[in-house]
Amino acid sequence: MNDSLNSLIPKSSFTGLESVAHLATGGESPMLRSHLASMQQFMLDKSLGEPGRELQAAVMESARQQCATLFKVPAQDLTFLSSATEGINVVCYGLDWQRGDNVVVADVEFPSDILPWTKLRDLGVEIRIVKHNQWIIDEQEILAQVDHRTKVVALSQVSMFTGQHMDIPLLSREIRSAGALFLLDATHAAGVVPVDASLADIMVSSCYKWLLGTHGTAVFYWNRERLSSLSPPFIGWASVASSGGWQSPLEFSLHESADRFLAANPSYVSLYILDNALKHILELGENTIHAHSLALGKILWQGLDAMGLEMMTPEPEHRRAGNTCYMVAEVEALRAALEKRGVLVWGAYGRFGRVRVSAHVQNDIEDVDRFLGAMEDWLKFNR
Ligand SMILES: Cc1ncc(COP(=O)(O)O)c(C=O)c1O
């Protein structure tokens, strides 16, 4: 059998995968069993007083270094906020907006990539929405919306809704040459396809999907050279390198690093888990994981297409990542039927008729065949 069709991490290394085909990483990845030891280590360290805090800080540094390798940017330009959504809001509230500025987003984006900008409408900032055409967002249509008043273009590398993988080098080059900032949401890319954060001015990524971590921490990259003017909207003890203490309580200097955007303690327990997850991701290597997900995705795509379903994800490899998305009339009913057969997919946006099947390190050809078989059976009675 082609090696890329076997699991890259055995199912026995995860909790809860004994009897299911878990194809739902785009929503929530399964948990590595070794995370139990990471959580236990956090608890042991937490009880040690100040030396324990130093141990927690060391784990955060380790996770930061690993993120620097994964995202190909200097470690000091990365920090950990509570969510990708928080990071997008930091940009929204940290830039100096003028009446007549505009933000460009796409209609099939995750709500957190769109909604924060609505708060700027009272200041006279326009939100320009690029519409999909048969589920595809054309990069040229995005660029056509960018003009000299565009302050930010906010986009996902991989769409959570359609699975489309955008041409990030092209977008980065053109957005920058137009004088706008590029905010990249790598949530559906990081951990499954290569991500070069240096192509963005800000990059955010959740950690509980393809990075195999959990909630409570998200990666935030600040391109310091291009965006030194970004001002932290929240400031607290963790944002400052020094402060005047009780003698001069109003004196402080912000961290030179991206930690200026971290106002308070991060979620250390989430960072213990992330640090462990990143070891697995980096050990396998982004190219191996990418090839594996594309290979399984190709079989998923072709199998679903052969059933006559409306495919949302484009077929060409350079346009896909880990998600394969398609439309059905009854998403919730389908999801429930698949669950009965031990197949997990994601349909949280069921109200829009979309099903998302995700192929990641735990998956193999048996999962894919099991899903396609269950799908075929369901369609016999639910056309
Ligand atoms: C593209 C994208 N960004 C962000 C998020 C959510 O991230 P968080 O909860 O860390 O804000 C999701 C969740 O599905 C997503 O699809």
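The values are calculated or read from the model by the stated rules, or taken from the named source; none is laboratory data. Since the structure is predicted, the reported quantities are computational estimates derived from the model, not experimental observations. Positions of Cβ are generated from backbone atoms using ideal geometry, with glycine treated the same way; all protein chains shown enter the neighbour counts. Surface areas here come from the heavy atoms of the whole protein model, side chains and all, with no ligands, DNA or RNA. Shrake-Rupley method; radii C 1.70, N 1.55, O 1.52, S 1.80 Å.
Once label points are set 7 Å from the Cα along Cα→Cβ at both Asn133 and Asp196, what is their separation, rounded to one decimal in nm? Placing both labels 7 Å beyond Cα along the Cβ direction yields 2.7 nm. Axis angle, to the nearest 10 degrees, between helix 365-381 and the longest C-alpha principal axis of the chain: 60 degrees.
Tally Lys/Arg at +1 and Asp/Glu at -1 over every other residue whose Cβ is under 12 Å from the Cβ of His290; what's the total? Please list the in-between numbers first.
Values: positive: Arg320; negative: Glu286, Glu317.
Taking every Cβ under 12 Å from that of His290, the sum is -1.
Once you've got the GNM for the chain with C-alpha springs shorter than 10 Å, pick whichever of Ser172, Ser253, Ser231 has the biggest mean-square fluctuation. Looking only at Ser172, Ser253, Ser231, the biggest GNM fluctuation is shown by Ser253. Remark: the Ser19-Ala144 segment gains 40.1 nm on full extension, using 0.36 nm per residue and subtracting the alpha carbon distance.
Going by average Cβ neighbours within 10 Å, how do the peptides 211-217, 293-299, 151-157 rank, with the highest at the top? Walk me through the intermediate numbers first.
Numbers: 211-217: 23.6, 293-299: 21.3, 151-157: 25.3.
Answer by packing, highest mean first, reads 151-157, 211-217, 293-299.
When the helices of the chain are scored as -39500 (n - 2.57) per DSSP H run of n ≥ 4 and the total is divided over every residue, the value at 222 nm lands at -11000 deg cm²/dmol. Suppose a student asked you for the relative contact order of the chain, using Cα pairs under 8 Å spaced at least 6 residues apart; what percent would you report? The normalised contact order for the chain reaches 24 percent.
Taking other residues whose beta carbon is less than 12 angstrom from the beta carbon of Asp147, and scoring Lys, Arg as +1 and Asp, Glu as -1, yields +1.
When Lys and Arg each count +1 and Asp and Glu each count -1, what net charge do the other residues less than 11 Å away from Gln157, Cβ to Cβ, add up to? Spell out each step's value before the answer.
Working: positive: none; negative: Asp167, Asp185, Asp196.
Charge balance in the 11 Å sphere: -3.
Each label point was placed 7 Å from the Cα along the Cα-to-Cβ direction; for Ile235 and Thr118 their separation is 3.1 nm. May I have the pair-distance distribution P(r) for the chain, computed from all Cα-Cα distances with 20 Å bins from 0 and rounded to whole percent? Histogram of Cα-Cα distances, whole percents per bin: 28, 55, 16, 1.
Looking at region 35-281, the accessible area is 42 square angstrom per residue; that uses a 1.4 Å probe and ignores ligands, DNA and RNA. Modelled this way, with points 7 Å down the Cα-to-C-beta line, the labels at Thr69 and Leu250 are 4.7 nm from one another. Among beta bridges from DSSP that stay inside the chain, the antiparallel ones total about 55%.
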